[in-house]
Structures are given as C-alpha cells and as structure tokens.
Amino acid sequence: MKIALPDLAAMERFGRAIADRLRPDDVVALTGGLGAGKTTLARAIIAGLGHEGEVPSPSFAIVEVYDPPLSGAPGVRLPLVHADFYRLKDPSEADEIGLDDYRYGAALLAEWPDHAGGFAHEPGCLSITLEVADEGRIAIVEPGTDWRDRVSF
Ligand SMILES: Nc1ncnc2c1ncn2[C@@H]1O[C@H](COP(=O)(O)OP(=O)(O)O)[C@@H](O)[C@H]1O
Ligand SMILES: [Mg+2]
C-alpha cells in the first residue's frame, strides 16, 4: 500500500490516523534514510495519542518513554516508547538496553528498526518505509496480520 504525503499537513494527518488505531504491544517500524521523515511521523503519532509539548528526537538517548498521566491531565492515551536504533552496532544491543522491559505493555515507535533486528515478523508490526518524492514523501505501508482490519488510511 502506497500513501502520498506531499507536505507536513499530510504527514500530520497520517500520524493521527495511525495514533487512532494504535494498541499496546504494536510496533510502528519507520524505515528510510536520514531526512526521510521518520521522526516527523513519530511526532505526529505521539501528538495524535494526546501528548502535548515537545517530542525530543531519541537519536542520542536511543529511547524516550511516554506514560499516560494518572489522572485527567493531558498526555498519551497508552504507554509509548519512541526509539531510534541508528546508533546500535549490533541487534544484540537492543537486549542490552532493556528493550523488552521498555516494551512491556507499551506500543513502540521504532526508527532504524533493522538496527535492532527488525520487527516485521511480529503480527502487531506496521512497517512503514518513507521515501522522498519531489517536495514531499511517499509511505510504503506493510501491515502485520494484527493490522489487516485497521489499515484504511
Ligand atoms: N511529508 C513531508 N513533506 C515535506 N517535508 C517533510 C515531510 N516529512 C518530513 N519532512 C521534512 O523532512 C525533514 C527531515 O525529517 P525527519 O523527520 O527529521 O527525518 P528522519 O527522522 O527520517 O531523519 C524535516 O525538515 C521535515 O520537516
Ligand atoms: Mg530521526
């Protein structure tokens, strides 16, 4: 499935559509070169889940965690982990940073998923490859089996 994302507004809408459908234990695997728009789409998803304010790029920290607020305060509607695996030298390092613990009960937004060994074998994985197209981007979307009834974007 190919989706045209000609500008930032289209990216924003796409991110919100994914956020509306996202469940705990899902992975959104964001593939594409530097500048492809992975962090931009992750930020749109995080905003769509209800987060207000800054979304730091996890490229240095590798993992940023978003937890729902305890009371009615504004915040994400489900536990979320935003990771950028670019700096991992070997997929085994994903275990060393405790990825499984971060993921427990949470949804994962993963930039450079192949550096962590890949997630496409998981039924809850929505694989998105972003490519530059003119001024905008194109998303190539490959849904895991758990996403088959959720991908009317
Ligand atoms: N659909 C789009 N149309 C036009 N520009 C975009 C789009 N998506 C992202 N960009 C721009 O591309 C640049 C790089 O995006 P970024 O999300 O940081 O890439 P990545 O995380 O893949 O390295 C940013 O300046 C962003 O505004
Ligand atoms: Mg990025």
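About the Cα centre, and with charges only on the beta carbon of Lys, Arg (+1) and Asp, Glu (-1), how big is the dipole of the chain? Nearest 20 debye, please.
Taking the Cα centre of the chain as origin, the dipole is about 480 debye.
Going from most exposed to least, what order do TYR104, TYR86, TYR66 have by accessible area with a 1.4 Å probe?
Order by accessible area, largest first: TYR104, TYR86, TYR66.
Based on the Kirkwood radius over alpha-carbon pairs, what value in µm²/s does the Stokes-Einstein equation return for the translational diffusion coefficient of the chain at 25 °C and 0.890 mPa s?
Details: Rh = 15.4 Å.
Here the translational diffusion coefficient equals 159 µm²/s.
At a Förster distance of 41 Å, what's the computed FRET efficiency of ILE3 paired with SER71, Cβ-Cβ distance as r, to 0.05? Intermediate values should be presented prior to the final figure.
Details: r = 36 Å, r/R0 = 0.89.
My answer for the efficiency is 0.65.
Which FRET efficiency, nearest 0.05, do ASP114 and ASP149 yield, Cβ-Cβ r, R0 25 Å?
Efficiency, rounded to the nearest 0.05: 0.40.
Could you work out the longest stretch of the chain that avoids the trypsin sites (Lys or Arg not before Pro) located in DSSP loops with at most 11 other Cβ atoms within 10 Å?
That gives 1-88 as the longest site-free run.
Rank VAL65, MET11, LEU30 by how far each Cα sits towards the positive end of the charge dipole of the chain (+1 on Lys, Arg Cβ; -1 on Asp, Glu Cβ) and give me just the farthest.
MET11
Expressed as a whole percentage, what fraction of the accessible surface of the chain belongs to carbon and sulfur atoms when a 1.4 Å probe is rolled over the protein heavy atoms? List each step's numbers first, then the result.
Values: 4040 of 7830 Å².
In the chain, the share of accessible area belonging to carbon and sulfur is 52 percent.
The values are calculated or read from the model by the stated rules, or taken from the named source; none is laboratory data. Note that the coordinates shown come from a computational prediction; the quantities given were computed from them, not determined experimentally. In this analysis, Cβ positions are derived from the backbone assuming ideal geometry, glycine residues included, and neighbour counts consider all displayed protein chains. In case anyone asks, the SASA skips ligands and DNA or RNA and just uses the protein heavy atoms, side chains included. Shrake-Rupley method; radii C 1.70, N 1.55, O 1.52, S 1.80 Å.
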